[in-house]
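Take a look at the structure below.
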Amino acid sequence: MFRSRPLRAPSFLCAALLALGSASTAQEKIDEEALKFLREHGLSAEKSQVMETLSWLTDVHGPRLTASPNLERACQWTVEQLKSWGLADARTESWGPFGRGWRLDAYSMRVTGENPWVVHAIPKAWTHATDGKKKGEVLYLAKMTPEQLAALEGKLGDKIVMLDEPRPANEIFEARSKRWTPEELLEQVNGRARVPEDAVRPSRDVQRTFGRGNELMRLLSKERPLAILDRGFKGDYGTIFVQGANALADADAPRDQRPRPYDKNATVLPQFTLAVEHYNRLARLAEKGQKIEIEFEIAASWFEHDGMVPNVLASIPGNDPQIGAEMVMIGAHIDSWHSATGTTDNGCGSAVMLEAMRLLAAMCKERGIQPRRTIAIGLWSGEEQGLLGSRAFVEKHVATRGRRGEEGTAEPVRHPLHAKLSGYYNLDNGTGKIRGIYLQQNEACGPIFRDWLRAFGDPEALTVTINNTGGTDHQSFDGVGIPGFQFVQDSVSYSPQTHHSNMDLWDHALADDLRQAATMIAHFAWHTAQRDGLLPRKPERPAGSEPERGGRRG
Ligand SMILES: [Zn+2]
């Protein structure tokens, strides 16, 4: 979620100013030879490998749900790739325990009777298998009063329940895929945009249903219907946005004490998100008093293991005697949701970071050089489940956050890398090309990034905004005082079509955009490694104060 600061007026101005700065004021030394190499190899359709890397991560190893065998294989394949490109210390490093692995093997749903039809419905992640076909009558609960719900006591065990009211499938008369105009870009980065790119909230009714102390929650926990149907927050024409199932829980239990759907002892009723057009048809049939019977089946596999989940790490060592052990890191999350192959979220970010490392390793090899500072890559799992992988890495290698616990507040602890880590660059907003960067309130980095963006030479990639952006892994670094940044990207069709949907497939990745992004990030990483000083840091936050948030997880 983009949140603009009270500084709005000045940030608008400074965004414009920063973007327009003049060549004569450039402070940063640009390694023209490096930039030439990176552009020649990174932007060329013949030489770039970003789309091939993406196809392996998605077509071969997608989806990559956290703790699933696919994610494990994707991480192993990535380590082998990094080794084959000559990177040092390519390995997986596990965090956790998270929980069991899950894979959706097959599913079906259809309305039976004299006018049978197949229902487009996708089980939510971690929904349990049904052990064969199940059949039941559909009950439309969305408009029932608490009294009507109470009257259903003891009658729901063999029913399939619909919780949401219909959602209009509005015809969209403007293009779904977007490239920001300069005005829109400033709107976007100055927090005056509409629904944030990467926030897919569950439909209100389901949130209400599974909300704290909810009548319906208590009824469902007690009655345990055959299945629960909803229609998601957005999506139409066959695109279904679907995430994780909810485990049945004591409605009054605090959120962090409720079982998670992947926990061994969790009870997870079959939960489906339907194509909105099919959901609305069922609701209209129900409101006409038609008796509806549905037959459905889910085949899914659980994978018992120690619950530990891999991140992928590797580096190009620095060789400067003074600053060689200092580091710049680039990264993205490699995990995804389950209904497609996790292409724009976040196969694209992972493939771009891998390509940036391949380009830098190839350049060092061809020029017989090493960077001054170490350049490292981190591909995180567990991002969709709460930035878990990147937080675990930061906690282990950079600094702890200091937690308020029963025994009082544990002071944050800084590990040696905290003083050496110059910055972290993240990409997690789909397939769109880079248009600029969010400074995460780190004003002092503005002129540096302005110089690098201008040197890169893409007139559409000059935006620098003081604002935060949230919801992804750069926050794990920013949260402990390390300069952590996410790039501004064209949204293309991320929000309306691919982000967490069953259409998040390789065919919706844009090759030119990903080549531009990989080359830009290699350029930023190289110059961060080569400059004399570490990137400037924001003034220290008073101890115990929470880092600026930039919105919910994406
Ligand atoms: Zn993401």
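What's the total number of residues in the stretch 24-46 that are surrounded by 14 or more Cβ atoms within 10 Å (Cβ to Cβ) and not in a helix (DSSP H, G or I)?
Qualifying residue count, the stretch 24-46: 5.
Hey, Asn170 hits all of (1) at pLDDT 90 or above; (2) part of a loop (DSSP other than H, G, I, E, B) but one; which does it fall short on?
(1)
Of all residues in the stretch 418-431 being touching a residue at least 12 places away in the same chain (Cβ under 8 Å) and surrounded by fewer than 20 Cβ atoms within 10 Å (Cβ to Cβ), which is nearest to the ligand (Cβ to nearest atom)? Full working, then the answer.
Here is the first cut: in the stretch 418-431, the ones touching a residue at least 12 places away in the same chain (Cβ under 8 Å) are 418, 420-431.
Next cut, surrounded by fewer than 20 Cβ atoms within 10 Å (Cβ to Cβ) only: 418, 420.
Details: His418: 26, Lys420: 28 Å.
If we take residues in the stretch 418-431 being touching a residue at least 12 places away in the same chain (Cβ under 8 Å) and surrounded by fewer than 20 Cβ atoms within 10 Å (Cβ to Cβ), then His418 is nearest to the ligand (Cβ to nearest atom).
Any residue that is touching a Cys at 6+ places or on another chain (Cβ under 8 Å) and open to solvent by less than 60 Å² (accessible area, probe 1.4 Å) - is there at least one of those in the stretch 62-85?
no
Considering the stretch 410-431 alone, what residues qualify as being out of contact with any strand residue (DSSP E or B) (no Cβ under 9 Å at 6 or more places or on another chain) and part of a loop (DSSP other than H, G, I, E, B)?
Within the stretch 410-431, Glu411, Pro416 meet the criteria.
Collect the residues in the stretch 326-355 that are open to solvent by 10 Å² or more (accessible area, probe 1.4 Å) and within 12 Å of the ligand (Cβ to nearest atom), keeping them in residue-number order.
Within the stretch 326-355, just Trp337 meets the criteria.
Does Arg110 qualify as being surrounded by fewer than 23 Cβ atoms within 10 Å (Cβ to Cβ), among the charged types (D, E, K, R), in contact (Cβ under 8 Å) with a residue 12 or more places away in the chain and in a helix (DSSP H, G or I)? Spell out how you get there, then give the answer.
Numbers: surrounded by fewer than 23 Cβ atoms within 10 Å (Cβ to Cβ): yes; among the charged types (D, E, K, R): yes; in contact (Cβ under 8 Å) with a residue 12 or more places away in the chain: yes; in a helix (DSSP H, G or I): no.
Against the criterion (surrounded by fewer than 23 Cβ atoms within 10 Å (Cβ to Cβ), among the charged types (D, E, K, R), in contact (Cβ under 8 Å) with a residue 12 or more places away in the chain and in a helix (DSSP H, G or I)), Arg110 does not qualify.
Take the residues of the stretch 185-228 that are farther than 24 Å from Ile122 by Cα and open to solvent by 60 Å² or more (accessible area, probe 1.4 Å): which is modelled with the highest pLDDT?
It comes out as Lys222.
Any idea which of (1) buried (at least 20 other Cβ atoms within 10 Å of the Cβ); (2) free of Cβ contacts under 8 Å to residues at least 60 places away in the same chain is the one Ala314 doesn't satisfy?
Condition not satisfied by Ala314: (2).
Could you pull out every one of the helices (runs of 4 or more DSSP H) wholly within the stretch 432-535 that has 3 or more residues that are within 22 Å of Glu40 (Cα to Cα) and either modelled with pLDDT of 95 or more or away from the ligand (no atom under 16 Å from the Cβ) (or both)? Give the steps one after another, and end with the answer.
On the way: elements: 446-456, 474-478, 511-530.
Answer list for the stretch 432-535: 446-456, 511-530.
Checking Gly368 against (1) of a type outside the set (Ser, Thr, Tyr); (2) within 16 Å of the ligand (Cβ to nearest atom); (3) at positive phi, which test does it fail?
(2)
Taking the options Arg39, Arg73, name whichever one is in contact (Cβ under 8 Å) with a residue 60 or more places away in the chain and among the basic types (Lys, Arg).
Answer to the selection: Arg39.
His508 - would you say it is of a type outside the set (D, E, K, R), within 30 Å of Ile172 (Cα to Cα) and open to solvent by 20 Å² or more (accessible area, probe 1.4 Å)?
Yes; evaluated as a whole, the condition is true for this residue.
Does Ala67 qualify as being in contact (Cβ under 8 Å) with a residue 60 or more places away in the chain, within 21 Å of Thr341 (Cα to Cα) and assigned to a loop (DSSP other than H, G, I, E, B)?
Numbers: in contact (Cβ under 8 Å) with a residue 60 or more places away in the chain: yes; within 21 Å of Thr341 (Cα to Cα): yes; assigned to a loop (DSSP other than H, G, I, E, B): yes.
For Ala67, the condition - in contact (Cβ under 8 Å) with a residue 60 or more places away in the chain, within 21 Å of Thr341 (Cα to Cα) and assigned to a loop (DSSP other than H, G, I, E, B) - is met.
Condition first: at pLDDT below 80, open to solvent by less than 50 Å² (accessible area, probe 1.4 Å) and in contact with a helix residue (DSSP H, G or I) (Cβ under 9 Å, 6 or more places away or on another chain). Now tell me which residues in the stretch 244-259 satisfy that.
Residues satisfying the conditions are Ala249, Ala251.
What are the pairs, 6+ residues apart or on separate chains, where a residue within the stretch 370-392 that is closer than 22 Å to Ile521 by Cα and charged (D, E, K, R) has its Cβ under 8 Å from a residue that is modelled with pLDDT of 95 or more and within 13 Å of the ligand (Cβ to nearest atom)?
Pairs found: Glu383/His333; Glu383/Asp335; Glu383/Asn346; Glu383/Gly389; Glu383/Ser390; Glu383/Asp428; Glu383/Thr472; Glu383/Asp473.
Here's the yes/no breakdown for (1) assigned to a helix (DSSP H, G or I); (2) farther than 29 Å from Leu510 by Cβ; (3) modelled with pLDDT under 50:
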site	(1), (2), (3)
Met1	no, no, yes
Arg5	no, yes, yes
Ala9	yes, yes, yes
Leu13	yes, yes, yes
Ala19	yes, no, yes
Ser48	no, no, no
Met51	yes, no, no
Asp59	yes, no, no
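Can you say whether Ile298 is more than 16 Å from the ligand (Cβ to nearest atom), touching a helix residue (DSSP H, G or I) at 6+ places or on another chain (Cβ under 7 Å) and farther than 15 Å from Gln530 by Cα, as far as the supplied structure shows?
Here the answer is no, as Ile298 does not meet what is asked.
The values are calculated or read from the model by the stated rules, or taken from the named source; none is laboratory data. Since we're looking at a predicted model, the values are computed, not measured. All Cβ positions, even for glycine, are placed from backbone atoms using ideal geometry, and neighbour counts span all protein chains on display. Note: areas computed on protein heavy atoms with side chains; ligands, DNA, RNA excluded. Shrake-Rupley method; radii C 1.70, N 1.55, O 1.52, S 1.80 Å.
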